[in-house]
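The values are calculated or read from the model by the stated rules, or taken from the named source; none is laboratory data. The shown structure was predicted, so the numbers you read here are calculated from the model rather than taken from an experiment. Cβ placement follows ideal geometry from the backbone for every residue including glycine, while neighbour counts extend to all protein chains displayed.
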Amino acid sequence: MICLAEEELNVGFDRFKEECSKAIRELRSGGYEEALVVHHNDADGLCSGALVKAALEREGVKPRLICLEKVYPEIISSIHSTWSGVVFYCDIGSSHAGMISEYNRGRCLTIILDHHDPEEARDERVVDLNLERFGYVGETDFSGATCCYLFARELNTDNRDLSYLALTGSCEIPGGYRGLNLQVLGEALKFGVVEERGKDYVITRFGVTVKRLFSMLQILGSTLYYSGGPSLGVRMCLEGPSEEAVKAVGEAEERRKKANKRLLATLYRRGFTKVTEHIQYLDSGNVFEGFGTKAVGTFASMISYRGRPVDPNKYIFVSMRVPREVPGWGSLEREFTKFSVRAPKKLRELISVGKMPSVVDLLRRASEPIGGVADGHSVAGSVIVPAGLEGELVERCEEAVKEFLSGGWR
């Protein structure tokens, strides 16, 4: 992980603003009446989608939102072969800029606003404004929602009133507000968008704290992904918590707690499904049936901070089968399994100094030859692979780690 000096970051931010301005000029000159907004389903993704939705509506552009848990090639292919307007990818997309470019082929103006590890876009009409491309770090300096907010602010300074959404989405980043997130916090306080309350911040227009909004959105987007949670979450972002939303969150949280306890008990009783030299893999079975697949990511994160039976030196893999129905889009042609992968503390330290491969690099290297699609960060990521290839993925990841340690990735 490379940390740049403040002066270099300032230069990088100026370049970001220049690229924003170019994209905005093309957006306005295109005379678009509609926009397709593809956004992730966690709290950061819901805040990102809501931010861009509000900003576009203020410009007179009607947004259509599609919430995705993962990037599926057949969905990207469908979008870029049938949609004729502008496409936004919010808190999702950077890791697949190459694939998006391949399917777009100069057809649609496509703007990516994300903080996941980026891949190079090979189409000049695919504009990736991920701030990692300008020297910032997506795991510490900014969230997907912050990237969306900074674009929205360039679009119109009146969008400063949406800064609370950047702060809410950034709650997923541990360690408090730093980098660009800290700058946004200062701006939100200055303009009265939020008010400080102890170690949290109250969103002035709603009277709810940033952390509380974040926790509710996490549940709506993941646990209730297949039952209207994302649309309810986007509405909550812009209108505040309704009685309907608060009730839905309470019921869903109870279900999630029970499911986590059930799987945790299984782990303590039976151990991991498979353990290799560098990987500990748990198949969640049907424990999270009806939940969004983010549930296995939450569980993997939770156990990454525990002791036995978790080995702090090994990657944690947790999987679940992906339902074929994608809300707001249709049905996938084939079945997939999703893996969420986390690095426990000791392993994170080794990854940070280059002694072990980053999670996202490992998943990309091992999964692409078998039709997998991976994204994420250095210590946390996920991948989908065709159903039935779960064991092969684990084996390929193990071999990839060994290859890395022998110097074979160079």
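Couple of notes before you dig in:
- Scanning the range 100-133 for residues that are under 17 Å from the mean Cα position of the chain (by Cα) and either within 20 Å of residue 28 (Cβ to Cβ) or part of a loop (DSSP other than H, G, I, E, B) (or both) yields a total of 12.
- Failed criterion for residue 309 (all others in (1) touching a residue at least 60 places away in the same chain (Cβ under 8 Å); (2) surrounded by 14 or more Cβ atoms within 10 Å (Cβ to Cβ); (3) assigned to a loop (DSSP other than H, G, I, E, B) hold): (1)
- Just one of the listed residues (57, 7, 26) is more than 24 Å from residue 168 (Cα to Cα), free of Cβ contacts under 8 Å to residues at least 24 places away in the same chain and part of a helix (DSSP H, G or I), and it is 7.
- Every residue from the range 164-176 that is farther than 19 Å from residue 46 by Cα and either of a type in the set (Phe, Trp, Tyr) or touching a Leu at 6+ places or on another chain (Cβ under 9 Å) (or both): 176
- Selection within the range 396-410 - among the charged types (D, E, K, R) and in contact (Cβ under 8 Å) with a residue 40 or more places away in the chain: 398, 402
- Check on residue 167, modelled with pLDDT under 95, surrounded by 24 or more Cβ atoms within 10 Å (Cβ to Cβ), outside the structural domain of residue 330 (by TED's automatic domain parsing) and closer than 27 Å to residue 70 by Cβ: no
- Among (1) assigned to a strand (DSSP E or B); (2) in contact with a strand residue (DSSP E or B) (Cβ under 7 Å, 6 or more places away or on another chain); (3) not hydroxyl-bearing (Ser, Thr, Tyr) - the single one residue 196 does not satisfy: (2)
- Matching residues, the range 29-39, being closer than 17 Å to residue 128 by Cβ and either in a helix (DSSP H, G or I) or touching a Ser or Thr at 6+ places or on another chain (Cβ under 7 Å) (or both): 39
- Residue count, the range 59-118 (criterion: farther than 16 Å from residue 37 by Cβ and either basic (Lys, Arg) or out of contact with any helix residue (DSSP H, G or I) (no Cβ under 8 Å at 6 or more places or on another chain) (or both)): 10
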